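Let me begin by presenting the structure, written as structure tokens, before commenting on it.
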């Protein structure tokens, strides 16, 4: 199967930059290395040499740290349009692990090729700058969430953010098609697994959340939205 052209890439379609320089797109397609990955595939590991930048097109990737005992600290769930491997710009190593949560596609760019294009095409540089700005904002919100919010509000915030970034509306409600677990939600929210399990069990009983093997269903997203508003959380 032939990869989709660069004009369809979420890096463009998710971005506020509307201009799509035809020559730029041709140059991008000329240096792109199409990547396909399977569910649970480890894409890169911490301290592994980072030689290329990866732009996700389809699928979700779990970004996490892992201690020597195998315990995971999940930092983020990357999705279409997200950029991985920015460390390669300074010829560094990956600072985190990346594992596919489902089947997906991506594009790989060597450091040298991408540096050259960024220097010559400001619209592409703007896309990367806005992505970095978004990463910084996410980091600040994560620190605020862990430092200032109660456990229940942290979980509600994580679920609401997942719904916004990965949810799709159908007859069941908002459906997030990836293997979400209570331990994953706990790690993303900065709460203990035991606390998360207790709160999630309560929400299941109230019918506002359904956890299945490979998807999270939110029959009533307004429940989480209203909870966050009451807690003064900026949506």
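Each reported figure results from applying straightforward, stated rules to the coordinates on display, with no laboratory input. Computed from a predicted model, the values in this text were never measured in an experiment. Positions of Cβ are backbone-derived with ideal geometry, glycine not excepted, and every protein chain shown enters the neighbour counts.
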Scoring the stretch 46-130 by relative contact order with C-alpha pairs under 8 Å, at least six apart, yields a percentage of 39
For residue 220 and residue 41, extending 7 Å from Cα along the Cα-Cβ vector and measuring point to point gives, in nm, a value of 4.1
Where the eigenvalues come from the Cα gyration tensor of the stretch 103-235, what are the semi-axes √(5λ) of the equivalent ellipsoid, largest first, in whole Å?
33, 18, 14
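Jot down the per residue volume, in cubic angstrom and as a whole number, of the convex hull over the alpha-carbon atoms of the chain.
Measuring per residue, one finds 140 Å³ for the Cα hull of the chain.
Pairs of alpha-carbon atoms within less than 8 angstrom and 6+ residues apart define the contacts here; what relative contact order does the chain have, in percent?
Values: 383 pairs, mean separation 41.8, N = 235.
Relative contact order, the chain: 18 percent.
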Taking the Cα-to-Cβ direction at residue 183 and at residue 31 and moving 7 Å from each Cα, how far apart do the two end points lie in nm?
4.1
Sticking with the crude label model, points 7 Å out along Cα→Cβ, report the distance from residue 138 to residue 86 in nm, one decimal please.
0.9
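What ranking do 224, 44 get, fewest neighbouring Cβ atoms within 10 angstrom at the top?
Numbers: 224 24, 44 20.
Going from sparsest to densest Cβ surroundings: 44, 224.
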Please give the calculated 222 nm ellipticity per residue for the chain, where each DSSP H segment of at least 4 residues contributes -39500 (n - 2.57) and the sum is spread over every residue; nearest 500 deg cm²/dmol?
-13000 deg cm²/dmol
